[in-house]
Protein chains: 8
Amino acid sequence: MELTVYLAGQIHDSWRDDVKKLAETKELPLQFVSPQTNHERSDNIGEAILGKQPGSLYKDEAASRINNFRTQVLMEKADIVIALFGESYKQWNTAMDASQAITLNKPTIIIRPKSLIHPLKELSEKANVTVETVEQALDVIAYIFE
Amino acid sequence: MELTVYLAGQIHDSWRDDVKKLAETKELPLQFVSPQTNHERSDNIGEAILGKQPGSLYKDEAASRINNFRTQVLMEKADIVIALFGESYKQWNTAMDASQAITLNKPTIIIRPKSLIHPLKELSEKANVTVETVEQALDVIAYIFE
Amino acid sequence: MELTVYLAGQIHDSWRDDVKKLAETKELPLQFVSPQTNHERSDNIGEAILGKQPGSLYKDEAASRINNFRTQVLMEKADIVIALFGESYKQWNTAMDASQAITLNKPTIIIRPKSLIHPLKELSEKANVTVETVEQALDVIAYIFE
Amino acid sequence: MELTVYLAGQIHDSWRDDVKKLAETKELPLQFVSPQTNHERSDNIGEAILGKQPGSLYKDEAASRINNFRTQVLMEKADIVIALFGESYKQWNTAMDASQAITLNKPTIIIRPKSLIHPLKELSEKANVTVETVEQALDVIAYIFE
Amino acid sequence: MELTVYLAGQIHDSWRDDVKKLAETKELPLQFVSPQTNHERSDNIGEAILGKQPGSLYKDEAASRINNFRTQVLMEKADIVIALFGESYKQWNTAMDASQAITLNKPTIIIRPKSLIHPLKELSEKANVTVETVEQALDVIAYIFE
Amino acid sequence: MELTVYLAGQIHDSWRDDVKKLAETKELPLQFVSPQTNHERSDNIGEAILGKQPGSLYKDEAASRINNFRTQVLMEKADIVIALFGESYKQWNTAMDASQAITLNKPTIIIRPKSLIHPLKELSEKANVTVETVEQALDVIAYIFE
Amino acid sequence: MELTVYLAGQIHDSWRDDVKKLAETKELPLQFVSPQTNHERSDNIGEAILGKQPGSLYKDEAASRINNFRTQVLMEKADIVIALFGESYKQWNTAMDASQAITLNKPTIIIRPKSLIHPLKELSEKANVTVETVEQALDVIAYIFE
Amino acid sequence: MELTVYLAGQIHDSWRDDVKKLAETKELPLQFVSPQTNHERSDNIGEAILGKQPGSLYKDEAASRINNFRTQVLMEKADIVIALFGESYKQWNTAMDASQAITLNKPTIIIRPKSLIHPLKELSEKANVTVETVEQALDVIAYIFE
């Protein structure tokens, strides 16, 4: 039984690589999908495909349509969603993806540092499990295969 | 035809009163519901009902269970969701409520200042309408009754 | 038992008034809802609320967000959908509304002239009933109350 | 991860071949399904299977039942829907398929020429992405695999 | 709490009147809806509204579209479905309505004589309750209000 | 693309073998599932597994629980349902299965002789396609693969 | 806004009266529904309506069909479910009702004594809120109306 | 056609091994999934991953979040649920899993000894089939493949 895991969260560092490496080390039968992690590409994808837009509002709207299309296709395929929050950035996409996953009854794990306990408390409570590290998140998934 | 509107968003100022007054002025047949807007009450409701918890993580978990219960009951009753984002605070509950509403096919309006166009672009695109002021949000709702 | 009927279709003549008058004559306990029937208002509602847009594509996008918001709120309230097609105009909104209604299992009546039998054949077949006149559509609804 | 794409739209030229060739060139792991693209076969399938009908209304009804059966089976299998609109023909089936796909939460791309921006504005806004060329549509899908 | 009860079953005698009278006697807060019980009207409704059809197959098709429209509107309103089977007639509409109600999770009571135990065994097992008389069916509903 | 077809209908002759042979002849990529076709086994399965029951009502109830379990598992796997009605037997299970399939949006073909047009008219109208022979039903399915 | 509350749990003492009195004292706009609370009536309802059964298994089966019918009708009407567990009895119906409510996304409060923390831990975690007393449960509901 | 079976029930003896061995003997194409069957591991998994908790309530809460996560992932994959009740233990998780499965329309078999007929009567009636032994449960599943 192979499971597909959607990795929601910021795209400013390589945390997804850590998840994938750890999954390999643990020999977990997981396939990972995620949003576009090249930040510049993600911001520019609208104009890259649809052409120059008349201002940043419209550039953002064009990009977000294509980013949301991607997320909808991939999240539909996911058996599990991991949503990672860090101390920087607004991360409203992460909250949006986690809330959508929970509403769709996708089993969801939130990773967040201790410093974010309070502002994330309602979302954490709705997720299945909230942990502090990538390693703990994979421990939770590994538990399925025990 | 009376419609029920859930007002998601920060609870640090009286923007909900502005919405309600404006709705009255426009004589719109709307009933408003919302999260607990007394911030202290919202943070303490877990311990107020369940008793002293062993630390802030557990206090937050207790409060968020009851806050989420309230939101689930009231959002189920809502025909429309308005989610307001401001320049302060993390507002992950606002993003969570908006994303849940959209996933449940509740017609959703986002209010956000120009400064938040970029970080909210994916959520804005998924909402039905995004505006900048409370007045515009009510103009959108008033349009239903024209 | 009062039923709510959504009247989808072109907004270039007063066919909805004919429906309403006939329903009154027949003393049917029906409440009617519909898209914005003032064509100019419908086309301009985006700029009216959100301000001047940078070109007609963007003006149309802004208007359609608000028109779709209105339709989603009102169709959710509808027990029955009537979709009227005439010989003029592209009427893709009518097809869109009828198909959405059918997919949502809203009982749906299509009104179309004989000349449109062929191009509407698949949509007609998916609707519950297809008739040629407003009078026939109301006969079908009146039959519920017999 | 192979994805199945339903190609809704007119059946009067070979645009679906263009899509397939381009997908091959780009080496995208896509499987394509579509309505019957032989127009005559599509119009006659009812009588071909069920026998001579008493007039064109009944011939059309018979054909459309079988065409709708085919579409329902194949759209259920689709991960993505592309709906192409051109400048000719009424294309109500295309609008019907696109609206059904959107209502079923299938990620949907509309392709339409600039000349159709206005009459398709509400449907375009409800689709995930609207583009002008087959190439752009495949760029959007290719973005999923980046 | 008033409940709406859909009365599915043959339309050849006045069993629905028995149900209604008994409900009145027991002072149960019930509203009853049902298919068209005038058999001739039910068979002819297609031609009555849509005009003469080219043969009995087409007359039946026209009538059944309008009868199914009526059933869909009214069953949607029902909190409870009673489906009565008797010893005569094929009663496939009754089986169709009961199976639809059960699939939609409408609480369903089947009334059937002892002689039909065997041929109705699978449908009876899927219904909530199977009884032999109208009186028993109302006893089951009355139990809700105890 | 292989499709799974559930064959609902009477179990008194070998019509399912005809379907399977014809599908092989036509080289259609179909997998067939069906209810238990050994009539005696179907009637006795309750007592065979659960032991002697106190009378035929209870024997039938026990058998029908296991038959319904089987149908639920297999229909869930089906992409298409064929329901065949013949001139003998009450065939309420066939009507039940067809109605359940339609309510679950499974594409459904009804096969029935001309003599049953009238009593099956409402169910026929709700099915996607109604034909008279096994051959026609497979022609309809073959059309998907053209 | 009046809310309907289903009171699941044992029927051996008058805890439901305590809930109702407290709700009155607090002037909460609540309507309460519940299973049959007369234990003997609940056990005998099958034979009372359907007649003598051939043994206790069959008597229980008959009663449970009618009890489940009642619960299905009333839980459908409920906005909120309270499920109370005490130290006696197996209370599998309580667990069944709570789990059904949670699966249907009904906001659910569990009341249980400290002694049951461990055996109820998974169900408690899935419920929205778990408390120890009737008073706390009503405090949670009262919080909605603040 | 391979089917996946979720084995809900107590984890104090090796009944799942009996099921698996019997399935092998009968050469049934089944894949089995289940909750964590190492009782100590199941109780401690919260602290094992999340660290020491401030008391048993919090330890249980942490463990149950991870156990529920596991169940949600695996039950989603299941085509069939078997829920076994024995004479010892409270087994509220078993009732919770069975009720969730039934509410999600997963075909469900309950295994329970005669001594539990009465307290399990409502849950048994909602399940598809109730049997007394593991062997009978596999006979029911084997019947699918006849």
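Just so it is clear, none of the values below were taken in a lab; they were calculated from the coordinates. Everything numeric in this text was worked out from a predicted model, so none of it was measured. Ideal geometry is used to build each Cβ from the backbone, glycine not excepted, and the neighbour counts take in all protein chains shown.
Helical content of the protein assembly as shown, expressed as a calculated mean residue ellipticity at 222 nm, amounts to -16000 deg cm²/dmol (DSSP H runs of 4 or more residues, -39,500 (n - 2.57) each, divided by residue number, nearest 500).
Between H:Thr133 and H:Ser88, what's the calculated FRET efficiency when r is the beta-carbon distance and R0 is 22 Å? Round to 0.05. Calculated value: 0.80.
The amide H of B:Phe32, built 1.01 Å from its N in the peptide plane, has B:Val5 as neighbours under 5 Å, considering only residues 5 or more places off or on other chains.
Here the relative contact order of chain D, from alpha carbon pairs under 8 Å that lie six or more residues apart, stands at 26 percent. Build a GNM of chain F with springs between Cα atoms under 10 Å apart, and of F:Ala101, F:Ala127, F:Ala48 the one that fluctuates most is F:Ala48.
Of G:Thr25, G:Thr71, G:Thr130, the residue with the greatest mean-square motion in the GNM of chain G, using alpha carbon springs below 10 Å, is G:Thr25. Take each residue in E:41-54, count the other chain C-beta atoms within 10 Å of its C-beta, and the mean is 3. The charge dipole of the protein assembly as shown, taken about the Cα centre with unit charges on the Cβ atoms of Lys, Arg (+1) and Asp, Glu (-1), comes to about 0 debye, rounded to the nearest 20. When you filter the GluC sites (Glu not before Pro) in region A:1-100 for DSSP loop state and at most 11 other Cβ atoms inside 10 Å of their Cβ, you are left with A:Glu2, A:Glu27, A:Glu87.
Looking at region H:1-83, the trypsin sites (Lys or Arg not before Pro) that sit in a DSSP loop and have at most 13 other Cβ atoms within 10 Å of their own Cβ are H:Lys52.
In order along region D:111-122, the phi-based Karplus estimate (6.51 cos²θ - 1.76 cosθ + 1.60, θ = phi - 60°) of 3J(HN,Hα) comes to 10, 8, x, 3, 5, 9, 3, 5, x, 9, 4, 5 Hz; Gly and Pro are listed as x. Scanning chain D for the Cβ atom closest to the axis that brings D onto E yields residue and whole-Å distance D:Pro54, 2. Once R0 is set to 25 Å, what does the formula 1/(1 + (r/R0)^6) return for the Cβ-Cβ distance between E:Leu28 and G:Met1, expressed as a FRET efficiency to the nearest 0.05? So, using R0 = 25 Å, E works out to roughly 0.40. Its Cα gyration tensor gives the protein assembly as shown an equivalent ellipsoid, and the semi-axes of that ellipsoid, as √(5λ) in whole Å with the largest first, are 41, 41, 31. Counting only alpha carbon atoms, the long axis of helix C:15-25 and the longest principal axis of chain C meet at about 40°. Ordering A:Pro119, A:Ala78, A:Met96 by Cα displacement along the dipole of chain A toward the positive end leaves A:Met96 in first place; charges were set at the Cβ atoms of Lys, Arg (+1) and Asp, Glu (-1). Of the residues F:Met75, A:Met96, the one with the fewest other Cβ atoms within 10 Å heads the list, and the complete ranking is F:Met75, A:Met96. In a reduced charge model with +1 at each Lys and Arg Cβ and -1 at each Asp and Glu Cβ, region E:52-135 shows a dipole moment near 260 debye about its Cα centre.
Amide hydrogen proximity for B:Ile110: with H placed 1.01 Å from N in the peptide plane, the residues at 5 or more positions away or on another chain lying under 5 Å are B:Ala83, B:Val129, B:Thr130, B:Val131. For the options G:Gln136, G:Gln100, G:Gln53, a Gaussian network treatment of chain G with springs between C-alpha atoms closer than 10 Å singles out G:Gln53 as fluctuating the most. Its relative contact order, with pairs defined as Cα atoms under 8 Å and 6+ residues apart, puts region G:80-131 at 40 percent.
Taking the DSSP bridge list for the protein assembly as shown and keeping only pairs wholly inside it, about 0 percent are antiparallel.
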